[in-house]
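The block underneath contains the structure these notes are about, expressed in structure tokens.
Please treat every number below as a calculation from the coordinates, not as lab data. Computed from a predicted model, the values in this text were never measured in an experiment. Ideal geometry is used to build each Cβ from the backbone, glycine not excepted, and the neighbour counts take in all protein chains shown.
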Amino acid sequence: MKARPAWFSEAGFTATILVLSLLGVAMIFSAGVLEVPSQITEGLWLRQGVFLGAGIVGLLVVSRLSPRMFEWVAMPAYVLSVGVLAVTLVVGSGTGTAEGVKSFLSIGGFRFQPAEAAKIATVLALALLLARREDPPRYLRDLLTPAALVVVPLALVLLQPDLGTALAFVGIFFAIIFWAGTPWPLVLFAASPGVALILAYSARVWSVYIVLLAIGLYLYRFRLYLVESVSVILGNVAAGAIAQPLWNSLAEYQRNRLLVFLDPGLDPRDAGWQLIQSKVAVGSGGLLGKGFTAGTQKRLAFIPEQHTDFIFSVLGEEFGFIGTVLLLALFGFLFLRMIRMAETARTPFAGMFIFGILGIWFTHVFINVGMTIGVVPITGIPLPFISYGGSFLLMSWLAAATVVAVANADP
Amino acid sequence: MSRLRPQQRKTLATRARVFVVVPLALLVGVLFRAQVLRSSDWLLQSEENRLRSLVVPAPRGIIRDRAGRVLADNIPGYSVAIVPDQPDSMLSTLRRLREHLVLSGERLEDVTRQIQGRPPRPVLVSVDAPFDAVAALEERRSGFPRLLIQSRPKRRYPARELGAHVLGYVGEINEAELESGDFEGAEPGWIVGRSGIEATYESMLQGKPGTRYVEVDARGRIVGPFGGVSGVAEEPGTDIDLNLDLDLMEWIHHIFPEGMKGSVVALDVETGGVLALYSAPSFDPNVFAGVVSRAEWSRLVNDSESPLYHRAVMGRYPPGSAWKLATAAIALELGVVAPGDRMSTPCQGSFVYGNRIARCWKPEGHGSLDLAGAIQHSCNVYFYQLGLRIGLERLLEFGNRMGFGDQCGIDLPREAGGNFPEGVGYWQRRYDYEPLEGEVLSLAIGQGPNDQTPLKMAQFLVAIARDGSAPAPTLYGGAPAREGWWLDIPPEHLASIREGIHRVTQPGGTAHLSSLEHFDLLGKTSTAESGGGRPAHAWFIGMAGLRGGPPEIVVVALVEFGGSGSEVAAPLVAKAADYYLRGVHGIPRDTIQTLREYLVVGRNTAWAAFRPAG
């Protein structure tokens, strides 16, 4: 029994997420201040506050649990959450989706909930799997089981379809194999089919890429089995080949989102609307912002989802560059704290776990902020601690609690 | 992390820090560019996003008569418009609007076409929505997010039919007018003058529409006025005070023979100001205040009575004997006759010229007459000879100089000019023959190719009534006096013409029964052949003033197919002049005015005894 509770020894970390969460409640309050009052967004900040309270209580409880316990529950939790995801897919399939971006919200908490839990469960399972290895992964085949562990929930989430959350699973995978000490060329080879998928929009670019990849594999030939090199090439070719059918299988709104990312003016009324309006909101905030609750883009409801996925635009409009930099600095501080915690952790599981959570949050922050300002395509992914969403906030706090709990675990 | 060496762990942690910090720094860089470097662009765009400028129509200037009685003013009306959006959503709003607003098929087509053109500004559905429809729409406001209901002044003509032709009417500007550039700064939905004073003084009456900024939300709903940018207040149009006398118009309407068509013109001798400009039948210009349906329009246009036709300034009628005064004026100006001269051939009922026998209207003849006598008796034989003295060429030249082939220049649109041969080439051009000198016989007595508007005859008479100059008749009291034309005749010669027409209402004159108790009435009857076996047009052109004093008012009456000028038109002129002059000179008005009426009711008529002109 330690003299100080775990959360206290990580005061910087917990204080940061508390500040972020309070900022989130404030921003959700502001998002509800509209010229034409909307019953949908009006009292949401209170609900978020209640979930924050629950999160804090969760942190106090969970952070006191035995670090060993997380290793014990990792696999059962993973199996259970994947099962629930699968069930959700069946049950949720009956629910009609609304048009456009809103479809993400219409199913609401019910759809997010299993995915949020599954993310943490996947981090637990993956961390446990790699922590049990004697050595860092050295061959691609060493990454096969970890990859499979991630691909199952990822595929289930993709089928919902929820591209944003699926990307978080990708973040988990690469963050954990990175901290497991996987050589970087191996990480790149593992990522290469994804790159091929994107570059397939142009046959010429894709061909150049494949040649470069082959050269890379040739230089790295002594570290790989031949069959692995061939698999990487085949995987890339396959990714390039399915790109077109995959593109065609996307719903029109999904395709439009990707297209308007390249040219928002393409469809300024529908798909491009959100992007244009959120850029206008953030840009018009200027250096100091328009003042708390005073954002005009927000007040006049120009930005859909401004209390959830696009809450960053409200912050950018009302607090300006100072506000956005401060927010990114808070996240930066949080992430650097987590890297430090992983570095000093005394069990391999703790480091892996912390990096897994870091992978989730970092993916969320980068994609969310990036899509709001038009750096990455709109994928519908919330900003951790800030965006409205009870289950997401609660799960983030529980993940933080686990981070705190395992960070100080004795070997 | 026991399986990783501490050094390896440190390397990984450092790499991880780079992986985390670099993307975040990239985001900060993008934010710096958007929020600091390009902020003003985005700020502008956010202002544009939420601001919509609305055009606030300016109330048109008020039109009043000479006594300040309102002829045209504005009452509150409502316009209904659809704020720009996707054509599909605008059309669906339009569809639902029709549950509350009655729209004609053509209006619907027009609005639909405008919407499909992706208009940059609100599309007007109705410029004059009935109040109950507006109330119903306001109640369902939330169901019509793209609806814009604005109060909008609506034209009203309290004088109704009386003012119709003079005032004209207004209408929504059409595409051709918009493109014509005649209306400075005009935008769709503007109400512009289409006819009458409303058209002539459009630029004065229009005023300047204001601009109001409103804040709208993402769905185009108007949230409220925008505080940041002040709009431009609308400037009401300039008020216009006319020379017209509404009371006189009412009186003329009252005395004008029921069911007959025709017109009465009254001009102020001193200024040329138009005191009355009456045209029957008339119409109610209030039907044009809103949007006129094509059906309503065609009903008015196709009415066999032609109520839209402004007979006083557009109707051209053969002037008949009334034009003999012009012949006399030309002869005096040329000096081919002196007032006391008698013609070489006394009137014996006809006049032989070459192989042609031209008749006088009085078969037994008038005997030998001087100018005043010839005018009094309207003797054709005298005027045949007068015409011959003038000669065809000079008669045409002087007739044109007096503007008989032209317009008077009244401040109304579409005034008709007189039909009068521009020279001897007229016959060559029209009938392909050299006119013989004998043509002058017909012209001298007001026949032949000569048609004049009642207004033109009135303007001519004003010149006779004053010193020979005829200013352009004006309706607008503030209009600068415009020189028309003038007769170069010595005052005593003009007086002899007046002497002639004074005798017309003296005992023995054709219009004696129309003479007045308090005023001298001078005038000339004319019963002009209308052709086609129909009754003649009845003319009386007259002037009146205090006994012994100068003429103050010129009145011309024309009754289409009215028959006898002395019986139908002369009483109209007498009663109109009497009504006006009694008002001017503070004499109580009475409905018993002319000698005939005095005789009918048995009043003392001693005043009607012969009196030489003053």
Going residue by residue through the range B:87-102, the Karplus relation 6.51 cos²θ - 1.76 cosθ + 1.60 with θ = phi - 60° gives ³J(HN,Hα) values, rounded to whole Hz and with x marking Gly or Pro, of x, 4, 6, 5, 5, 5, 4, 4, 4, 6, 4, 5, 5, 10, 10, 7
Inter-part gap, Cα centre of the range A:299-328 to Cα centre of the range B:44-76, in whole angstrom, is 41
Put in order of increasing Cβ neighbours within 10 Å, starting from the fewest, B:LYS362, B:LYS575, B:LYS10 give B:LYS10, B:LYS362, B:LYS575
Shielding of A:323-334 by other chains, given as the mean Cβ count within 10 Å, works out to 3
Going residue by residue through the range B:273-286, the Karplus relation 6.51 cos²θ - 1.76 cosθ + 1.60 with θ = phi - 60° gives ³J(HN,Hα) values, rounded to whole Hz and with x marking Gly or Pro, of x, 7, 8, 8, 9, 10, 9, 10, x, 10, 9, 9, x, 5
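What does the helix-only formula give at 222 nm for the protein assembly as shown: each DSSP H stretch with n ≥ 4 adding -39500 (n - 2.57), the total divided by the residues, and the result rounded to the nearest 500 deg cm²/dmol?
For the protein assembly as shown, the value works out to -15500 deg cm²/dmol.
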Output field shielding_mean for A:133-140 (other chain Cβ, 10 Å radius) holds 1
Stokes-Einstein, Kirkwood over Cα pairs, the protein assembly as shown, 4 °C, 1.567 mPa s; D in µm²/s equals 35
What the Cα atoms of chain B span along the principal axes, largest first and in whole Å, is 150, 57, 41
Dividing the alpha-carbon radius of gyration of the range B:269-343 by 2.2 N^0.38 Å, where N counts its residues, gives 1.84
Candidate cut points under GluC sites (Glu not before Pro) in the range B:52-139, DSSP loop plus at most 13 other Cβ atoms within 10 Å of their own Cβ, are B:GLU99
Once both label points are put 7 Å beyond Cα along the C-beta direction, the A:LEU159-A:TYR225 separation in nm becomes 2.9
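Within a 10 angstrom radius of the beta carbon, how do A:LEU259, A:LEU217, B:LEU371 rank from fewest other beta carbons to most? Could the numbers behind the result be given before it?
Numbers: A:LEU259 15, A:LEU217 21, B:LEU371 25.
With the fewest neighbours first, A:LEU259, A:LEU217, B:LEU371 line up as A:LEU259, A:LEU217, B:LEU371.
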Taking only the alpha-carbon atoms of the range B:284-417, the convex hull volume per residue, in cubic angstrom, is 168
Output ordering of B:373-381, B:490-498 (per-residue mean of other Cβ within 10 Å, highest first) is B:373-381, B:490-498
Listed by chain and number, the lysines with an alpha carbon less than 27 angstrom from that of B:LYS261, same-chain partners under 8 positions apart left out, are B:LYS324, B:LYS456, B:LYS524, B:LYS575
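Taking Cα atoms of the range A:349-411, Rg/Rh with Kirkwood Rh, to two decimals?
Rg divided by Rh gives 1.07.
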Quick note, the range B:420-536: a/c under 1.5 would make it rounded; otherwise a/b > b/c is prolate and the rest oblate (a ≥ b ≥ c, C-alpha gyration tensor); here it is oblate
To the nearest 10 degrees, the tilt of helix B:570-585 (Cα long axis) against the first principal axis of the alpha carbons of chain B is 70
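Over all residues in A:272-285, what is the mean tally of Cβ atoms on other chains that come within 10 Å of each residue's Cβ?
Working: counts 0, 1, 0, 0, 2, 4, 0, 4, 10, 4, 6, 15, 12, 7.
Per-residue shielding by partner chains comes out at 5.
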Stokes-Einstein, Kirkwood over Cα pairs, the range B:499-614, 4 °C, 1.567 mPa s; D in µm²/s equals 92
Once B:TYR431 and B:THR14 are pulled to full extension, the length gained, defined as 0.36 nm per residue separation minus their Cα-Cα distance, is 139.0 nm
Computed from every Cα-Cα pair in the range B:8-142, P(r) in 5 Å bins starting at 0 and rounded to whole percents is 2, 7, 11, 11, 11, 9, 8, 7, 6, 6, 5, 4, 4, 3, 2, 2, 1, 1, 0, 0, 0
Over all viewing directions the Cα convex hull of the range B:144-192 casts an average projected area in nm² of 5.3
Cα-based Rg and Dmax for the range A:160-233, in Å, come out at 13.9, 41
With the range B:423-462 reduced to its Cα atoms and the Debye formula applied, log10 I(q)/I(0) at q = 0.18 1/Å amounts to -0.61
Binned at 10 Å from zero, the C-alpha pair distances of chain A give percents of 5, 21, 30, 27, 14, 3, 0
With Cα coordinates, the longest principal axis of chain B makes an angle with the long axis of helix B:491-503, in degrees rounded to 10, of 80
If R0 = 35 Å, then B:ARG69 and B:ARG534, at their Cβ-Cβ distance, give a FRET efficiency to the nearest 0.05 of 0.40
Note: the range A:187-339, point scatterers on Cα, Debye, no solvent; log10 I/I(0) at q = 0.14 Å⁻¹ equals -0.88
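How large is the convex hull of the Cα atoms of the range A:262-411 per residue, expressed in Å³ as a whole number? Show your work: numbers first, answer last.
Details: hull volume 16.0 nm³, N = 150.
Per residue, the Cα convex hull of the range A:262-411 comes to 107 Å³.
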